[in-house]
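Novice: Let me begin by handing over the structure; questions about it come next.
The values are calculated or read from the model by the stated rules, or taken from the named source; none is laboratory data. Here the structure is a predicted model, which means the values were calculated and not measured. So basically every Cβ, Gly included, is an ideal-geometry build from the backbone, and we count neighbours across all protein chains shown. Just the protein is used for accessible areas: all its heavy atoms, side chains included, with ligands, DNA and RNA removed. Shrake-Rupley method; radii C 1.70, N 1.55, O 1.52, S 1.80 Å.
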Amino acid sequence: MQTKSIREFYLPTDEEDAAINAGIAADPDTYELTAEEFARLKPLGRPPLEITKERITIRLSRDVVESFRSTGAGWQTRIDAALKDWLEHHPTML
């Protein structure tokens with residue numbers, strides 16, 4: 001099989017899959033979850049946001065981008081905050 005990034009991987013054959021499952025069944029430290037146990041698992045990752053941001057492409061001056069980038073991680077969020085601040089102080093410009 002191939003992934004979208006063109007990495008190749010091979011699925012186990014039926015015999016290999018049976019051997020893997022037999023090994024899991026023989027291991028006293030593990031077991032297969034029941035459907036009820038599986039349903040109670042918490043999802044991984046970030047919870048969905050109520051308000052999401054919109055992905056756009058914008059062209060900014062190199063000096064503006066360099067200045068914000070030089071402040072470290074979260075620089076795009078700080079650009080967003082700066083634009084929100086500008087909107088608060090210039091409501092008639094809309």
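Novice: Under 21 Å Cα to Cα from Lys84, which lysines show up? Leave out anything in the same chain fewer than 8 places away.
Specialist: Counting by Cα, and skipping residues close in sequence, Lys84 has these lysines nearby: Lys53.
Novice: List the GluC sites (Glu not before Pro) in segment 9-75 that DSSP assigns to loop (not H, G, I, E or B) and whose Cβ has at most 14 other Cβ atoms within 10 Å. Which are they? Present the calculation step by step, with values, prior to reporting the outcome.
Specialist: Numbers: sites: Glu15, Glu16, Glu32, Glu36, Glu37, Glu50, Glu54, Glu66; in loops: Glu32, Glu50, Glu54.
Those that pass, being in a loop and sparsely packed, are Glu32, Glu50, Glu54.
Novice: Kindly report the accessible area of the chain per residue (heavy atoms of protein chains, probe 1.4 Å, no ligands, DNA or RNA), in Å².
Specialist: Working: 9820 Å² over 94 residues.
Per residue, the chain has an accessible area of 104 Å².
Novice: Positive end of the charge dipole of the chain (Lys, Arg +1 and Asp, Glu -1 on Cβ, about the Cα centre): tell me which of Thr13, Met1, Gly45 has its Cα farthest that way.
Specialist: Working it through, the farthest residue towards the positive pole turns out to be Gly45.
Novice: Can you compute the helix-only [θ] at 222 nm over the chain? Use -39500 (n - 2.57) per DSSP H run of at least 4 residues, normalise by all residues, nearest 500 deg cm²/dmol. If you can, show how the numbers build up before the last one.
Specialist: Details: 4 runs with 42 residues, N = 94.
Mean residue ellipticity at 222 nm (helix-derived): -13500 deg cm²/dmol.
Novice: At most 14 other Cβ atoms within 10 Å and a DSSP loop assignment: could you name the trypsin sites (Lys or Arg not before Pro) in segment 1-69 that fit? Each step should come with its number before you reach the end.
Specialist: Details: sites: Lys4, Arg7, Arg40, Lys53, Arg55, Arg59, Arg62, Arg69; in loops: Lys4, Arg7, Lys53, Arg55, Arg59.
Here the trypsin sites (Lys or Arg not before Pro) that fit, given the DSSP loop and packing criteria, are Lys4, Arg7, Lys53, Arg55, Arg59.
Novice: At 1.4 Å probe size, with the rest of the protein present, what percent of the exposed accessible area of the chain is carbon and sulfur atoms? Let's see the in-between values first.
Specialist: Values: 5560 of 9820 Å².
C and S fraction of accessible area: 57 percent.
Novice: Still on this model: Give the residue list of chymotrypsin sites (Phe, Trp or Tyr not before Pro) in segment 25-94 that are DSSP loop and have at most 15 other beta-carbon atoms within 10 angstrom.
Specialist: Details: sites: Tyr31, Phe38, Phe68, Trp75, Trp86; in loops: Tyr31.
Answer by residue number: Tyr31.
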